[in-house]
Each structure stands twice: as structure tokens, then as C-alpha cells.
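Before any comments, here is the structure.
The values are calculated or read from the model by the stated rules, or taken from the named source; none is laboratory data. The structure displayed is predicted, hence computed values, not measured ones. Backbone-built Cβ (ideal geometry, glycine too); neighbour counts: all protein chains shown.
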Amino acid sequence: MRKGEANLPKSAIARNSDRGHGNLSWMADQHKLTGPQRQSFGKTLSWDEDPYAVDRDTTTHLLDLFFVHVNDVTYGLYPRNAFMRWVVSTPEKCQLERMVLYAMLAVGSIFADDHYSGFARQCIQIAKDAVSAKVGAFNIPSGSAIRASTSSKLDLQREEKLRDPDKPPPQHAEVPFGLDDEQFKECKRRTFWSCFLVDRLEHGHSCAIALQDIFLRLPSSDEVYERGLPSDAPRFNNGIIDASLTILTPASPICMMAWTCLLAAIWGDVLTFRQRMQHRSDSTFAEAYENFYMETYNRLQGWTSHLPEYLQYNEYNLSRSMREGYAGIFVSLHALYHLLLMGLNRYARHRSLDPERTKRNIRAAHHHAHAMLGLGDAIRLAARQSPSAETSQLDLVLSTPLVGHAMLAAIDIASAGDLDTNIRGTLYMVDTGLECLRVLAKRWNSARGQLNDCQKRVYSIRNVIERPYKARGGAWLGRQWGMLEPLEKEPGWEHEEYDWGHDCIYADKGGYSSIYFQALKEDGEQGRTPPSGSVRIV
């Protein structure tokens, strides 16, 4: 083991599954299925070798894909320029550094074409074996990473303690990846925040990291990180530490990943409330839900009011993000926002709420579903107007599975049922979502299943139009139409009878809720304007 090897956070290489950015077993299977177009790679790689020394061009290309589609979109672990300088200029890389490097190449290969499949398959196998040797052969490496990041040994959720100036500084081992001391501190912060995002965005699971246990700065701006300057980012507001240390403004020196973390903190609480609410009594549900509902909207209002202008949603900012290379995180950020509000409004025990609040929820869920699908339509239009090829632009913008989850939720709500005058418009919006899912399905297993389910929904709607009295899966009800079953069932109920009582959109099994159609009728009369506090879709 070379000097500095022990300092490397092992959790950095085991960050997520297909619902994040692909676990290694899944990637190995994927590259077995690339078909006759795949190209062989004549050289043999090994964990003992630096991949850059074996094939410079391929290593550089796959790392570039990793930074474009992963590091710059969701998990911004490394300073791109500094890291690439280290890759190129450091021939002696320690074993753990090579393990991380092979894992990055494996993840980057998801976004490469078949020309690189031979090299990619070797990287995947080496990374998989290396992770197994170093941290164990876990089926769910994400959980291992989360536990490691909050363990007493690493304790990454806390800022490092200030050193006593009267004591001599400790003898530090060499910092990995060629980072300087401040960059390494930020790398450790971002390792924790990446684990936090996995914890919060892992669709359908309880959150393991409590917000009250985070005593850490938010991820600093990328410029500060690249230059190796001390972070001046505000602390995360966990409700315990001095509030003056947590002041957040649109000009705060934090990166785009930090805004995702702040939103993910709210989303995780929504998910947790949804899972626990089924155990509340009818007598206590309405008050508890309403308090949580208003608290969540207030938190979201605070988030939107502090969001920098260039991250606010409008068509100009979308086009700007595509020109300047940050469209992936821009779209993911707003997809998470709408996914959060679709979930908050859809899942509630409607029998315990008064009718006006139930209708409020139905309307708000529809607003954000249409806003999400409208975002997909705006992406298609902006891609067509881009000087680059449309497909490459869509691949750059739609690279994270999170967008697929938001599209599925939006299609499920928007196509649940409506007035007869809106059925053609619904089909158009669903087709928009399908096009986005087709792009995502080229990379992610989760998106393939979502695409298949949503295509079946289109067939069901068309059957309602063409065979209104014989259609399966849906029905025509005078001036209204509706689907019988949801596409997405509440996490935890997949193997049980669906809890219709906690779904405001699909409220009755085998039937249709009159209050649902009444809410949509009133919504139509009001012009379907976005709900208060939303990130406006123009």
C-alpha cells in the first residue's frame, strides 16, 4: 500500500444502484447484451495497472463521459480539471486510487457507444472485483457507502475540528488524486453529500441519514473547489446549529449539487411521511397531514426564493443550460421539484380530508404532472433548435434515472382520467413523456420498465377512444374517461392489495371518484394555472 492509500474514502466508489448511477453487476450484464456491433479490445487490463498508461485516449474519453453525465449532473465528487491533471501527470497511482479510477471508467462506459464495450467490460469486472476485495461483496453497495460515510471512523457528516494552534500539526499521509488539503476536505464533504443523495433519492426506501445529524457545510462552488480555496459555503440548517452559520442567499458560494441536496432533504421527508401515514388513525390524520403539507410548501417556498436566477425555470434558462453544459442537473433539479409535489399531493388519506382539500390535492397533482410533461416538451423543442444534433442534445440533457421516475409519475397522474375535451391533449403530453423515456431507456433498466408501462397506458387510452364500450383497463363515462389501475403503486404495497384509500388520483378500485372529476372540472374553469409556490413552467 502506497503512502496516502489509507486516506481514500472507500465509500466514494460504491455510491448507487440503477436508481442512481448503475451498480457494477448491472453494468456487467448490460455489456453482455450489446450485440454484434460491440468491438473487442485487444489489450488486457488489470487492477495492478494504470488504465491511462494502457490506453490514454479511451481512458480520457470514458472519464469525460463520467464527468459530463454523473459528476456534473448528480454526484459532483471531484474537481474536474484538477482530477484530470492528476490522471495524466501521475504514473504512480496507488491500488485504491486505481480502484476508484476503474469504477469511474465503468460508470462512464454506460454512456459510451459499442466501440468501447471491450475496454468497458474489463473496467467493470476489475472495479467489481476490487470493490469486493476492499469493502465486501455486497449486493447493495449503496447501503455500505451510506453506513461508511456516517461511521465513527470517517464521520463525514461533520466538519473537521479546528486544530489547537499551540499543538504541532499532525503528520498527514499524502492526499489521494493529487488533491491539495482544501480540495481533499471538500472531496470528503461531497462524498457525504453524494451518499446523502443516494439515501434520499433511492426511490421507495426509508431514509437512513437524519437531517438533524448533519453538521456540515453544503458543497462549495466548483470554482472554489478547483482552485483549492477554503470553503465559505454556509452550513446545512439542521435546526440545531447556530442559524447565523446557515444563511443562504442566491449568491451563496455553493454549487448546483448543493441545491439538489437541499431539495432532496425535503423530498426525503415527504417520502417518510407517506410511508408512515398509513399507520395513523383517522382521527389524527387530517391535522397531521395538513400541518406537514403547509410546512412542506413553506420549505419549498424558501428553496425557490433563494434559488439563483440562472437556475429558475424558464425556456431561456433551459436553452442557456444546454448551451453552457449544465442542462443535465438543471433538468434533474426541476424534475425532482415536480416529483416531490406530485407525491405530496397525490398520496393522502382522502376519506379523512374534507372535500375541498382533496380537490386541492387533485388539482395540484395534475398541475405538477402537466408541468413535468411540459418540461419534457420544452426539452424536445430546445434540442431541435440547438446547433448540435438533436439526439446528442437529448442524451446530454436526459442522463439521470430521476427524470424517468418523474416522467412515470407525471404520466400516471395526467392520464388517470379527465374530461372528454382533454383526451387528445393528454395523448400528446404522454407521447412527450414517452420520447424522454426512450432516451433514458438506452442507459437504464428502470427506464425500460417505465417506458413499457407507459406505452401500455397509451394503448389503453386509444382503446377508450376507439372502442369506448369494450376497452380494457379504462372506460368512457359520458363526458369523462378514466383508467382503472395506476401505473405506479405506492412503495411497500407492491405485493399487497393496493391501498386505494391513500391515493387521491386513483381513489376507488374498479370505479371512479366523482370528487376527482369535479376537481378537474373546476380546474378547467379556472384555466389550470400553476399552484402557488411552483417553479413556473412558461
- Query: Which one of the conditions (1) closer than 27 Å to L101 by Cβ; (2) assigned to a loop (DSSP other than H, G, I, E, B); (3) of a type in the set (A, V, I, L, M, F, W, C) does V198 fail to meet, given that it meets all the rest?
  - Reply: (2)
- Item | Boolean, Q278 is in contact with a His (Cβ under 7 Å, 6 or more places away or on another chain) and either within 30 Å of D499 (Cβ to Cβ) or among the polar types (S, T, N, Q) (or both) | yes
- Message: Tell me the residue from G178, G143, G108 that is modelled with pLDDT of 90 or more and within 23 Å of the chain's Cα centre (by Cα), please.
- Response: G108
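Conditions (1) within 22 Å of L373 (Cα to Cα); (2) part of a helix (DSSP H, G or I), marked per residue:
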site: D269; (1), (2): no, yes
site: E290; (1), (2): no, yes
site: E295; (1), (2): no, yes
site: G302; (1), (2): no, yes
site: Y313; (1), (2): yes, no
site: M322; (1), (2): yes, yes
- Item | D523 vs. criteria at pLDDT 50 or above, closer than 18 Å to H350 by Cα and surrounded by fewer than 20 Cβ atoms within 10 Å (Cβ to Cβ) | no
- Message: Tally up the residues in region 240-264 that are in a helix (DSSP H, G or I) and farther than 14 Å from F215 by Cβ, please.
- Response: 10
- Assess whether V73 counts as being crowded, with 24+ Cβ neighbours inside 10 Å and assigned to a loop (DSSP other than H, G, I, E, B). yes
- Selected residue (only one of A288, A365 is at pLDDT 95 or above and surrounded by 17 or more Cβ atoms within 10 Å (Cβ to Cβ)): A365
- Pairs only if they're at least six apart or on different chains, beta carbon under 8 angstrom, first in region 507-528 and assigned by TED's automatic domain parsing to the domain that holds R479 and farther than 17 Å from H370 by Cβ, second surrounded by 13 or more Cβ atoms within 10 Å (Cβ to Cβ) and modelled with pLDDT under 70; list them, first residue then second. Y512/A475; Y512/L477
- Flagged pairs (Cβ under 8 angstrom, 6 or more apart or on separate chains; first in region 395-410, in contact (Cβ under 8 Å) with a residue 40 or more places away in the chain and more than 19 Å from I110 (Cα to Cα); second acidic (D, E) and assigned to a helix (DSSP H, G or I)) are L408/D453
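The rows are residues; the columns are (1) closer than 19 Å to L394 by Cα; (2) among the aliphatic types (A, V, I, L, M).
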{"residue": "I413", "(1), (2)": "no, yes"}
{"residue": "G425", "(1), (2)": "no, no"}
{"residue": "L434", "(1), (2)": "yes, yes"}
{"residue": "A441", "(1), (2)": "yes, yes"}
- Message: Out of everything in region 78-105 that is at pLDDT below 95 and part of a loop (DSSP other than H, G, I, E, B), what residue ends up being surrounded by the most Cβ atoms within 10 Å (Cβ to Cβ)?
- Response: K93
- Kindly check whether there is at least one residue in region 109-120 that is part of a helix (DSSP H, G or I), closer than 27 Å to E174 by Cβ and of a type outside the set (F, W, Y). no
- Task: Check whether at least one residue in region 247-264 is closer than 20 Å to E160 by Cβ, surrounded by 15 or more Cβ atoms within 10 Å (Cβ to Cβ) and of a type in the set (G, A, S), and report yes or no.
- Result: yes
- Query: Got a sec? Which of E309, E324 is in the same structural domain as A410 (by TED's automatic domain parsing) and free of Cβ contacts under 8 Å to residues at least 12 places away in the same chain?
  - Reply: E324
- Assuming R200 fulfils every condition listed in (1) without any contact (Cβ under 8 Å) to a residue 40 or more places away in the chain; (2) among the charged types (D, E, K, R); (3) touching a Cys at 6+ places or on another chain (Cβ under 9 Å) apart from one, which condition is it? (1)
- Tabulated pairs, region 213-236, first under 22 Å from V175 (Cα atoms), second of a type in the set (S, T, Y) and assigned to a loop (DSSP other than H, G, I, E, B), C-beta under 6 angstrom, 6+ apart or interchain: R217/S231; S220/S231
- Item | Residue check, E223 among the charged types (D, E, K, R), over 30 Å from K359 (Cα atoms) and modelled with pLDDT of 95 or more | yes
- Message: Take the residues in region 40-66 that are surrounded by fewer than 19 Cβ atoms within 10 Å (Cβ to Cβ) and outside any loop (DSSP other than H, G, I, E, B); name whichever of them is nearest to the chain's Cα centre (by Cα).
- Response: D64
- Message: Here is a check on your reading of the model: is D453 closer than 30 Å to T272 by Cβ and modelled with pLDDT of 85 or more?
- Response: yes
